[in-house]
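Comments concern the structure below.
Here, each number is a calculation from the coordinates, and none is a lab measurement. Nothing here was measured: the structure is a model prediction, and the numbers come from that model. When we count neighbours, we look across all protein chains shown, and the Cβ atoms used for this are built from the backbone with ideal geometry, even at glycine.
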Amino acid sequence: MGHSRARLLVLGGGAAGLLAAQTAAARGWRVTLLEANDRVGKKLLATGNGRCNLSNRAALPEAYGPAASGFLLEPDKLLQLMEGLGLATRTDEEGRVYPLCNQASAVLDVLRLGLERENVETVCGFEAVSAAKNGADFCLVARDGRRVTGQRLLLCAGGRAASKANGYALAQALGHRLNPLAPALTYLKTDQSLVKGLQGQRLHGRIRLCRGQAVLAEEEGELLFKEGALSGIAVFDLSRAWAGAKAACELSVDLLPGWDGFRVRGELERRAALFPRSEQLLTGLFPRLVGQRLLDACGLRPQAPAPSQALDRLAALLRDWRFPVTGSGGFDQAQLTLGGVPLDEVEAGSLRSLRCEGLSLAGEMLDLHGPCGGFNLHQAFSTGYLAAAALR
Ligand SMILES: Cc1cc2nc3c(=O)[nH]c(=O)nc-3n(C[C@H](O)[C@H](O)[C@H](O)COP(=O)(O)OP(=O)(O)OC[C@H]3O[C@@H](n4cnc5c(N)ncnc54)[C@H](O)[C@@H]3O)c2cc1C
C-alpha cells in the first residue's frame, strides 16, 4: 500500500502529537489526530508559566542520560522547524527558548494552523481506552465506545503528570513494558513546623539531596518556601533524584554557595561588631523572615549580643540548613512523569516500536526525560517530529 493511501492515527494532541500529525500529513499520510480533552494542546498553554519554554540551547543527548543519542533534534534544527511554522523565538541568557511574544498560545496557534493547512482530521473528546492490532490495522476504542482504525499508530499520549488521560496501558497492550512511573519536577514536602511563616520567601542557594552523609544530587538556584514544602527550579530538578532514591532523604541548603566555613564565620564576626543586637545580625544579607528563622534556630536572644558559640552554630546552619523530605507534590502537581516505555524497545532515529510493527511512540511516554528549562518539550517536539518523518 502506498503510504499516501494509508491512515495514520496519532493519539494525543500535545506537543509531540501536534508536531507529528502535521509533519506526517505534509509527507502524504492521511492523518487522524485523537485527543481526550475537548481541545488540543491544553497543557502547552500552561507550560513555562504561560510563556512556554519550548526548548533549550543545551538540549543535547548528554542532558537526558546515557541512551538518549538519536532521539533528539539539534536545538537549531527544532528552532528552524518552529520558525518554518511561523513561530518567532528568543533565547534568554540561560539558554532557555521562549516564543518572542512570550505567550504559550503563540506556540499552540502555529501548531493548530499547521494541522489545518495539512488537512489533519482532529477528533477531540476521544479518550482511547483500548488499542489492538487486527492483521495490518490498528483499532482504538474510546471510552464512549467510538472506534477508529488505521494502518499506522503513533502513540503520543504524554504522562500522568497534570493529565487526566494517559496511554501507558495502550502501549502495554501492544507489547511494551513500562519502567516504573513516578512524578517529578514538583515541590518536595517537609515538616510544616520548619517552614511555617516563610511561605512565599525566595532565596538563592545550593541545594543538596542527601541520604545521611551521602549527597545524591545537587543543584544551585532559587529556593521558594511553600506551605509545608520547598519549591523552586532547583528543588524541581532534585525531585527527579528523590523519585529514584526511594529512601529517607533530606534537603541541605547552603545559603552562601561558594563561601567556605572561614569566610562565613568571618562575615558573622564582622556583622556581630556592626550590629550589637543579635536580631540584626543577618540584616541586609537574607530576607528578614528567613533571617529571623535562622537566628531562632540557633537559640539567639534577639536583644543581646551574639555569643561566640551561637555564631559557630549559625555559621554551620548557613552552609547546611536541613529539611527532611516527607513526600512530593504527586502527579497532580508534577510537570513530568519519570519512567515509561524503555528506550531499548524503540528504534533510535525513527522511534519505531521494536515490539509491534506499524507502531511508533513519542514524547513523555518514553523513558527519556530532562531537567527543567525547556528540555522536556524539546524531547516531545523532537521525538514527535522524528517519528513522523521516519514513517514508512
Ligand atoms: C504546569 C506545567 C508546566 C510545564 N512547563 C514546561 C516548560 O516550560 N518547558 C518544558 O520543556 N516542559 C514543561 N512541562 C512539561 C511538558 O509539558 C511535557 O514534557 C510535554 O507536554 C510532553 O509532551 P507530550 O506530547 O509527550 O505529552 P502532552 O503534552 O501531555 O500531550 C499528551 C496528550 O495526549 C492526550 N491523551 C493522553 N491519553 C490519552 C488517551 N488515552 N486518549 C486520547 N488522548 C490522550 C492528553 O490529553 C494530552 O493532550 C510542563 C508541564 C506542566 C504540567
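Cross-link list 77/189; 42/246; 226/246; 42/196: which exceed 30 angstrom alpha carbon to alpha carbon?
Working: 77/189 39 Å; 42/246 32 Å; 226/246 23 Å; 42/196 34 Å.
Long pairs (Cα-Cα over 30 Å): 77/189; 42/246; 42/196.
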Open item on the list: List the trypsin sites (Lys or Arg not before Pro) within the stretch 171-241 that DSSP assigns to loop and that have no more than 13 neighbouring Cβ atoms inside 10 Å.
Closed with: 177, 196
Task: Simple spin-label estimate for residue 222 and residue 93 in nanometres, 7 Å along Cα-Cβ - done: 1.4 nm
Open item on the list: Tell me the relative contact order for the chain as a rounded percent, counting alpha carbon contacts under 8 Å between residues six or more apart.
Closed with: 23 percent
- [ ] Quick one: pull the percentage of alpha-carbon pairs in the stretch 82-210 with a separation above 24 Å.
- [x] 59 percent
TODO: First obtain the Kirkwood hydrodynamic radius of the chain from its Cα pairs, then insert it into the Stokes-Einstein equation at 25 °C and 0.890 mPa s, and state the resulting D in µm² per second as a whole number.
DONE: 108 µm²/s
Task: Calculated from backbone phi, Karplus (6.51, -1.76, 1.60) coupling profile of the stretch 213-220 in Hz, x at Gly/Pro - done: 8, 7, 9, 7, 6, 8, 9, 10
TODO: Let me see the pair-distance distribution of the stretch 139-231: every alpha carbon pair, 10 Å bin width, integer percents in order.
DONE: 12, 29, 22, 18, 16, 4
Task: In order through the stretch 338-351: 3J(HN,Hα) via Karplus (6.51 cos²θ - 1.76 cosθ + 1.60), integer Hz, x for Gly, Pro - done: 6, x, x, 5, x, 5, 7, 9, 10, 7, 4, x, 10, 6
- [ ] Can you tell me the 0 to 90 degree angle between the C-alpha axis of helix 75-84 and the longest principal axis of the chain, rounded to 10?
- [x] 60 degrees
Open item on the list: If I model a spin label at residue 273 and residue 354 as a point 7 Å from the Cα along the Cα→Cβ vector, what separation in nanometres do I get?
Closed with: 6.7 nm
Task: the stretch 187-328 - percent relative contact order, Cα under 8 Å, separation 6 or more - done: 30 percent
Task: Listed residues 358, 73, 388: farthest to the positive end of the dipole of the chain (Cβ charges) - done: 358
Open item on the list: Run the numbers for residue 132 and residue 149: contour at 0.36 nm per residue of separation, minus the present Cα-Cα distance, in nm.
Closed with: 5.2 nm
Open item on the list: Tell me the Rg and the Dmax, in Å, that the Cα atoms of the stretch 24-150 produce.
Closed with: 17.3, 52
- [ ] Report the Stokes-Einstein translational diffusion coefficient (µm² s⁻¹, integer) for the stretch 187-328, Rh taken as the Kirkwood radius over Cα pairs, at 25 °C with viscosity 0.890 mPa s.
- [x] 159 µm²/s
- [ ] Please give the helix 15-26 orientation as an angle from the longest Cα principal axis of the chain, in degrees from 0 to 90, rounded to the nearest 10.
- [x] 30 degrees
Task: Set of the stretch 13-36 residues, backbone N closer than 18 Å to the point 7 Å along the Cα-Cβ line of residue 63 - done: 15-16
Task: Of the chymotrypsin sites (Phe, Trp or Tyr not before Pro) in the stretch 1-95, those whose Cβ has at most 14 other Cβ within 10 Å and which sit in DSSP loop - done: none
Open item on the list: Given the DSSP H assignment, sum -39500 (n - 2.57) over each helix run of at least 4 residues in the chain and divide by its residue total; what's the result at 222 nm in deg cm²/dmol, nearest 500?
Closed with: -9000 deg cm²/dmol
Open item on the list: If you fit an axis through the alpha-carbon atoms of helix 233-245 and take the longest principal axis of the Cα set of the chain, what angle between them do you get, 0 to 90°, nearest 10?
Closed with: 70 degrees
